[in-house]
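Bear in mind that the values in this text are calculations on the coordinates, not laboratory data. All values derive from a computational prediction rather than experimental measurement. Backbone-built Cβ (ideal geometry, glycine too); neighbour counts: all protein chains shown.
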Amino acid sequence: EPEVTQTPSHQVTQMGQEVILRCVPISNHLYFYWYRQILGQKVEFLVSFYNNEISEKSEIFDDQFSVERPDGSNFTLKIRSTKLEDSAMYFCASSGTGMGNQPQHFGDGTRLSIL
Amino acid sequence: AQKITQTQPGMFVQEKEAVTLDCTYDTSDPSYGLFWYKQPSSGEMIFLIYQGSYDQQNATEGRYSLNFQKARKSANLVISASQLGDSAMYFCAMREVTSGYSTLTFGKGTMLLVSP
């Protein structure tokens with residue numbers, strides 16, 4: 001069964017450094033998302049992406065964050081200058097369409113630890 | 001106000017028994033979708049089941065079924081014949097479609113522990 005792939009599984013970074021989290025969505029999916037989950041808390045939406053542009057973003061997704069689809073398969077989340085509070089599990093998800101009945105399929109997540 | 005409320009922080013069930021995980025939601029959107037995801041201790045998010053606001057019948061997927069009560073705005077997950085591998089965190093989530101949102105809003109989750 002096709003799946004969303006995220007790399008790395010765990011990233012440790014010094015505060016203030018840039019980090020790029022990578023995702024390969026399911027190949028025929030058109031909608032891509034990033035979510036984060038701070039340890040012990042609920043999953044929070046960051047951004048959705050369609051047709052090479054951001055379609056929605058939350059207030060969490062400030063100027064420190066950016067997303068990109070650099071080629072036909074990868075979807076990346078960049079955090080420009082990491083802060084301690086960026087430590088969380090980051091999930092990439094994709095869906096075939098933007099229709100409400102389509103589930104978003106999640107990757108296994110990247111655990112980001114900021115020191 | 002919370003969009004998704006899961007009132008049970010933890011639930012215990014014995015193997016082979018059925019268990020119901022509660023979820024209530026709040027929306028003024030007439031068109032929405034409700035989802036349940038499972039998160040094992042390894043951390044991944046696994047899609048389980050979907051219910052649309054216009055669906056006439058309760059959704060079922062194998063041992064999972066959704067008890068959808070629209071007037072009460074509840075979408076409880078029923079797991080029949082629990083297995084040890086069902087021990088995990090379970091999240092209820094909602095998409096509000098006609099408001100133009102493509103995002104999922106999650107509840108805080110319920111930790112399910114299945115004992116032998």
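Percent of C-alpha pairs per 5 Å bin in chain A, short distances first: 2, 13, 24, 26, 20, 10, 4, 1, 0.
Arrange the following residues from fewest to most other Cβ atoms within 10 Å of their Cβ: B:97, A:67. Please report the intermediate quantities before stating the final value.
Numbers: B:97 19, A:67 22.
So the ranking, lowest neighbour count to highest, is B:97, A:67.
Across segment A:1-50, the fraction of Cα-Cα pairs farther apart than 15 Å, rounded to a whole number, is 61%. Each Lys and Arg adds +1 at its Cβ and each Asp and Glu adds -1 at its Cβ; summed about the Cα centre, the protein assembly as shown shows a dipole of about 300 debye.
What dipole magnitude, in Debye to the nearest 20, does chain A give about its Cα centre under +1 on Lys/Arg Cβ and -1 on Asp/Glu Cβ?
Charge dipole of chain A: 160 debye, to the nearest 20.
Can you pull the percent of Cα pairs in chain B with separation above 20 Å? The share of Cα pairs beyond 20 Å in chain B comes to 37 percent.
What is the diffusion coefficient of the protein assembly as shown in µm²/s, taking the Kirkwood radius over Cα pairs and the Stokes-Einstein relation at 25 °C with a viscosity of 0.890 mPa s? After rounding, the answer is 135 µm²/s. Around the Cα centre of segment B:20-83, unit charges on the Cβ atoms of Lys, Arg, Asp and Glu (plus for the first two, minus for the last two) sum to a dipole of about 160 debye.
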